[in-house]
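Trainee: Sharing a structure below in structure tokens format, with a few things to ask.
The values are calculated or read from the model by the stated rules, or taken from the named source; none is laboratory data. Bear in mind the structure is a predicted one, so any value in this text is a computation, not a measurement. Note: ideal-geometry Cβ built from the backbone for every residue, glycine included; neighbour counts use all protein chains shown.
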Amino acid sequence: MSRIDTTLAALKAQGRKALIPYVTAGFPFADITPELMHGMVDAGADIIELGVPFSDPMADGPVIQKAGERALAAGIGMKQVLQMVADFRQRDGKTPVVLMGYANPVERYDLNHGANAFVRDAAKAGVDGVLIVDYPPEECADFAAALKAEGMDLIFLLAPTSTGQRMAQVGRLAGGYVYYVSLKGVTGAGNLDTTAVEQAIPRIRQHVSVPVGVGFGIRDAATAQAVGRAADAVVIGSRIIQLIENEPRDKVLPAAGAFLREIRAALDAPA
């Protein structure tokens with residue numbers, strides 16, 4: 001079992017839901033990420049999604065786009081992201097780390113470092129899962145197999161518009177969990193309909209055997225709690241980015257930690 005499988009199975013046995021915060025690597029300060037990752041684990045995070053900065057992030061709203069631009073301006077690329085994971089692993093060998101991003105940085109890394117260099121170096125750094133927004137299932141069976149051979153999971157997005165056929169395609173390749181985009185739009189969009197999410201998840205489970213995480217539009221404890229009643233995991237990104245983007249360095253961890261503790265308490269509250 002991968003670290004993701006182990007973590008999610010343990011939470012299920014406890015009757016608990018996974019809290020998965022997302023942060024952009026190298027934001028809001030280029031060297032703060034490993035420290036921030038540890039702080040989020042201390043605040044109750046079960047899995048961390050680490051965003052790989054990219055110049056043209058098609059699925060990201062303005063908040064995460066801006067964070068990515070700041071990270072890129074600070075010189076953060078895939079090499080630096082993998083080093084951040086390796087630094088995090090020096091103190092934490094348990095918490096799963098998922099890289100979330102786009103095909104271009106992965107393929108550019110292989111171009112610069114050799115065929116399959118990304119998979120090799122991600123495994124060496126301690127990455128547990130990879131979510132590539134623009135890798136459709138019908139085009140990445142080999143990539144999924146290469147990750148699996150190194151003990152990593154390939155994670156896919158599903159959307160309200162996903163057909164049963166697409167869900168079945170994802171179900172054949174997906175590892176770790178699937179990430180259900182809870183609304184039509186980009187990250188950080190509002191108007192999340194939790195009733196619609198509750199109705200969608202049983203349909204997803206007909207085609208997918210791995211746990212289901214839900215993200216996009218979750219901004220507070222009440223919404224996280226409502227989503228957590230149906231999903232196996234709750235993913236929160238844009239709201240964390242907003243909370244830390246203008247903080248001085250010594251206030252970044254307290255701001256992120258206070259928010260995540262509130263979400264953790266809501267997820268763990270009796271139904």
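Trainee: Filter region 225-238 down to residues that are of a type outside the set (Val, Ile, Thr) and within 14 Å of VAL212 (Cα to Cα) and give me whichever is nearest to the chain's Cα centre (by Cα). Don't jump to the end; show me each part of the working.
Mentor: Step one: list which residues in region 225-238 are of a type outside the set (Val, Ile, Thr), which gives 225-226, 228-233, 237-238.
Within this subset, residues satisfying the condition of being within 14 Å of VAL212 (Cα to Cα) are 228-233.
On the way: GLY228: 16, ARG229: 19, ALA230: 18, ALA231: 15, ASP232: 14, ALA233: 11 Å.
It comes out as ALA233.
Trainee: Also: Can you name the number of the only condition in (1) in contact with a strand residue (DSSP E or B) (Cβ under 8 Å, 6 or more places away or on another chain); (2) modelled with pLDDT of 95 or more; (3) aliphatic (A, V, I, L, M) that VAL133 fails?
Mentor: (2)
Trainee: Now a separate question. Looking at region 1-12, which of its residues are of a type in the set (Lys, Arg) and buried (at least 19 other Cβ atoms within 10 Å of the Cβ)?
Mentor: Passing the criteria: only ARG3.
Trainee: Then there's this: Looking at (1) modelled with pLDDT under 90; (2) under 18 Å from VAL52 (Cα atoms); (3) of a type in the set (D, E, K, R), which is the only condition ASP193 fails?
Mentor: Only one criterion is unmet by ASP193, namely (2).
Trainee: Would you check which residues across region 13-44 are buried (at least 24 other Cβ atoms within 10 Å of the Cβ) and in a loop (DSSP other than H, G, I, E, B) and list them?
Mentor: Residues satisfying the conditions are LYS17, ALA25, GLY26, PHE27.
Trainee: Would you mind telling me which numbered condition in (1) in contact with an Asp or Glu (Cβ under 8 Å, 6 or more places away or on another chain); (2) over 22 Å from LEU19 (Cα atoms); (3) crowded, with 18+ Cβ neighbours inside 10 Å ASN104 fails?
Mentor: (3)
Trainee: Okay, next question. Restricting attention to region 236-259, which residues are hydrophobic (A, V, I, L, M, F, W, C) and touching a strand residue (DSSP E or B) at 6+ places or on another chain (Cβ under 6 Å)?
Mentor: Of region 236-259, the ones hydrophobic (A, V, I, L, M, F, W, C) are 236, 240-241, 243-244, 252-253, 255-256, 258-259.
Residues satisfying the conditions are ILE236, ILE240.
Trainee: Within region 228-271, can you find the residues that are of a type in the set (Val, Ile, Thr) and either at pLDDT below 95 or not in a helix (DSSP H, G or I) (or both)? Full working, then the answer.
Mentor: Taking region 228-271 as the starting set, the residues that turn out to be of a type in the set (Val, Ile, Thr) are 234-236, 240-241, 244, 252, 263.
Result: VAL234, VAL235, ILE236.
Trainee: Same structure again: Consider VAL127 carefully, then state whether it is over 21 Å from ILE241 (Cα atoms), surrounded by 18 or more Cβ atoms within 10 Å (Cβ to Cβ) and in contact with a strand residue (DSSP E or B) (Cβ under 9 Å, 6 or more places away or on another chain).
Mentor: Judged against the criteria, VAL127 is a match.
Trainee: Determine which member of the set ALA196, ALA258, ALA230 is surrounded by 13 or more Cβ atoms within 10 Å (Cβ to Cβ) and of a type outside the set (Ser, Thr, Tyr).
Mentor: Details: ALA196 fails: surrounded by 13 or more Cβ atoms within 10 Å (Cβ to Cβ); ALA258 fails: surrounded by 13 or more Cβ atoms within 10 Å (Cβ to Cβ).
So the residue among ALA196, ALA258, ALA230 that is surrounded by 13 or more Cβ atoms within 10 Å (Cβ to Cβ) and of a type outside the set (Ser, Thr, Tyr) is ALA230.
Trainee: Return yes when ALA59 is touching a residue at least 40 places away in the same chain (Cβ under 8 Å), out of contact with any strand residue (DSSP E or B) (no Cβ under 7 Å at 6 or more places or on another chain), outside any helix (DSSP H, G or I) and farther than 20 Å from PHE216 by Cα and no when it is not.
Mentor: no
Trainee: Kindly list the number of the only condition in (1) without any contact (Cβ under 8 Å) to a residue 24 or more places away in the chain; (2) in a loop (DSSP other than H, G, I, E, B); (3) not β-branched (Val, Ile, Thr) that fails for TYR135.
Mentor: TYR135 satisfies every listed condition except (1).
Trainee: Restricting attention to region 1-52, and to residues there that are of a type in the set (Gly, Ala, Ser) and within 16 Å of the chain's Cα centre (by Cα), which single residue is modelled with the lowest pLDDT?
Mentor: Only one residue tops the list, namely SER2.
Trainee: Restricting to region 138-166, count the residues that are closer than 24 Å to GLY237 by Cα and not in a strand (DSSP E or B).
Mentor: So the answer is 6.
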